Amino acid sequence: MSLDTKADAYAVHWFRRDLRVAGNPALSRLRDEHQGRVLGVFCFDKAFLARPDFSLARFQFFIDTLKSLKNELTALGSDLMFCDIGPDEAFNTLFRELKGAGKPLPESIAWNRDYEPYAIDRDQRLQKWFHEQGVHTMSERDHILIEPHEIVKGTKPAGPYQIFTPYSRKWLEQFQTSAVQARIDEQKRGLAYVRKLRKGPVEPSFALTWAKIFGREANGWSVFEEYSAQNLKNVTIPIPPAGSLAALAQLETFKKHIDDFADARDIPSLEGTSRFSPFFKNGSLTTGQALAFFDLHRKEKLTKGEAKFLTELIWREFGYYILSKHPRVEREAFDERFRSLEWGNREDWFEAWKTGKTGYPIIDAGMRQLNETGWMHNRVRMIVASFLTKDLHINWQWGEKYFMEKLIDGDLALNNMGWQWAASTGCDAQPYFRIFNPALQSKKFDPEAKYIKQFVPELAQVAPKKIHLLDAQSRPRGYPAPIVDHDVERHVALKLYKVKAKREE
Ligand SMILES: Cc1cc2nc3c(=O)[nH]c(=O)nc-3n(C[C@H](O)[C@H](O)[C@H](O)COP(=O)(O)OP(=O)(O)OC[C@H]3O[C@@H](n4cnc5c(N)ncnc54)[C@H](O)[C@@H]3O)c2cc1C
């Protein structure tokens, strides 16, 4: 098979956190511009496996999503190459092999943009390199509906938004524009394609495979299968179904709940939230698709539940806005007054928190939910994060890292924002003097203790009215006594923060 003429020109889509075909902006554009002659590449840097916050479960969910993407692309007449090296080395090797085999380089390489500091550097570096190779590049927005640079603030006070409410007002103005509405409508077409896919094979819309180029299968996939098998051996929690079809099923499930979202979202024993976060993380679902599915962009008036859900999606975009405008938050407190807080960092308390053995039932239920399922309810994330920082005086970065090790939806921007909110070190964070009382939170949001009993079976026989703050008589044998006294520790926290807050005033 020769690829010597202009008619043989083709393009490569570099998949990263946009693991879907449906409504994938850069992929669709390449497909249109190159008459379907588009091939996929995914690079996985092995060094990533050694990262201290690497999560086997999240990686497995990613692997499952990649498999489903590969199958989908193959059925559509394209292909996905897997490289088990970082993208610099991977593209270098690929280009060398293409040249060695006398094949042309791709005419274009495209990707959807990412906003994490590491990704921004990587993309700038590779874009330059592709251009040096004479390869055209193109990028599109995808996982953020309104990109950080599009939210333009007046000059007073100078600098980007730091408070959610004015940011969200600006976001909503953009949301009403015809350009944004058209992008969401485009996602509606993407969803229609997934519905068709669910019914059975769809018409191929791509016209090139790696095998056609190299005259043999691309090497990477067997390496990937090997990874996948090895990784699976070490995964200890059930991994939810992955990929576009699973994301569509989740959209349909949440359709039954969205109108109740405003009230149900805070009750951890209910299926009151969307559970979209793992899909958002790897792009098998996007904000645009969720909005399109529920027609939130076209409705004159949203129900209370829909309006609240839209606000949550804006919070998600705010997280990326903050990270992209202040990349330093990845390493340090946003609020400089609290960068040198004198944390106690007791290892034994940290261990009790991680393993769900603090003696505070709502904390233990949350941490066990995290350890056993790879997900935790938002309200409980806030409670356990507050407890770690304000009751145990442990650096929020320890908690942030532990969450990343365990969460299937673990996401730098949102995890960092959540932790800095709870630790009162972030922008628009919980003020340091407002400290959650775990027993009161528990009573308010899990009054019947259904959530607690689901994850802390030792407490199954304890009456709900006694469970939130167990006294020695009601505490079953085998369940730990509280490791700290909240009333004492909240004063310790207040002192710790107050000293710093004052010092910088
Ligand atoms: C300490 C802490 C750590 C967190 N770490 C992560 C993380 O690593 N990854 C992650 O995706 N979310 C994180 N969150 C935010 C939030 O808890 C999850 O997005 C949410 O629980 C996911 O469940 P869901 O999809 O059912 O959410 P829903 O309540 O159905 O909300 C829909 C979507 O809105 C967005 N959203 C909801 N709540 C928030 C929020 N508080 N901040 C930003 N976006 C939000 C998410 O994309 C979510 O999928 C964290 C929150 C806290 C307090």
Query raised in the report: Is it the case that W421 is in a helix (DSSP H, G or I), at pLDDT 95 or above and open to solvent by 50 Å² or more (accessible area, probe 1.4 Å)?
Result: yes
Q) With respect to G356, is the statement that it is more than 12 Å from the ligand (Cβ to nearest atom), touching a residue at least 24 places away in the same chain (Cβ under 8 Å) and at positive phi true? A) yes
Residue set K390, K443, K401, K406; condition touching a residue at least 12 places away in the same chain (Cβ under 8 Å), more than 10 Å from the ligand (Cβ to nearest atom), buried (at least 19 other Cβ atoms within 10 Å of the Cβ) and among the charged types (D, E, K, R); output residue K390
Taking first residues from the range 276-289 that are of a type in the set (A, V, I, L, M) and second residues anywhere that are surrounded by 24 or more Cβ atoms within 10 Å (Cβ to Cβ) and not in a loop (DSSP other than H, G, I, E, B), the pairs with Cβ under 7 Å that are 6 or more apart or on different chains are L285/A247; L285/F279
Here the residues within the range 326-353 that are within 16 Å of the ligand (Cβ to nearest atom) and open to solvent by 50 Å² or more (accessible area, probe 1.4 Å) are E330
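This table checks each residue for (1) in a loop (DSSP other than H, G, I, E, B); (2) within 30 Å of D263 (Cα to Cα); (3) of a type in the set (S, T, N, Q).
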| residue | (1), (2), (3) |
| --- | --- |
| P447 | yes, yes, no |
| Q461 | yes, yes, yes |
| L470 | yes, yes, no |
| P476 | yes, no, no |
| Y479 | yes, no, no |
| D487 | no, yes, no |
| A493 | no, no, no |
| A501 | no, no, no |
Only unsatisfied item for L49, checking (1) touching a residue at least 24 places away in the same chain (Cβ under 8 Å); (2) part of a helix (DSSP H, G or I), is (1)
What do you reckon, is V194 open to solvent by less than 90 Å² (accessible area, probe 1.4 Å) and at pLDDT 95 or above?
yes
Would you mind stating whether F54 is under 19 Å from the mean Cα position of the chain (by Cα) and surrounded by 17 or more Cβ atoms within 10 Å (Cβ to Cβ)? no
Here the residues within the range 359-372 that are within 12 Å of the ligand (Cβ to nearest atom) and farther than 24 Å from D471 by Cα are L370
- request: Can you confirm whether the range 70-78 contains a residue that is assigned to a loop (DSSP other than H, G, I, E, B), at pLDDT 95 or above, closer than 17 Å to F15 by Cα and not small (G, A, S)?
  value: yes
Residues of the range 373-387 being open to solvent by less than 10 Å² (accessible area, probe 1.4 Å) and of a type in the set (S, T, N, Q), in sequence order, are S386
A careful count of residues in the range 475-504 that are in contact with a helix residue (DSSP H, G or I) (Cβ under 8 Å, 6 or more places away or on another chain), modelled with pLDDT under 95 and open to solvent by 20 Å² or more (accessible area, probe 1.4 Å) gives 3
Inside the range 294-305, the number of residues satisfying the requirement of being more than 27 Å from T373 (Cα to Cα) and outside any loop (DSSP other than H, G, I, E, B) is 1
Can you spot a residue in the range 117-131 that is of a type in the set (A, V, I, L, M, F, W, C), assigned to a helix (DSSP H, G or I), open to solvent by 30 Å² or more (accessible area, probe 1.4 Å) and under 30 Å from I213 (Cβ atoms)?
yes
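The values are calculated or read from the model by the stated rules, or taken from the named source; none is laboratory data. Here the structure is a predicted model, which means the values were calculated and not measured. FYI the Cβ positions are ideal-geometry reconstructions off the backbone, even for glycines, and counts take in every protein chain you see. What goes into the accessible areas is simple: the full protein's heavy atoms, side chains included, and nothing from ligands, DNA or RNA. Shrake-Rupley method; radii C 1.70, N 1.55, O 1.52, S 1.80 Å.
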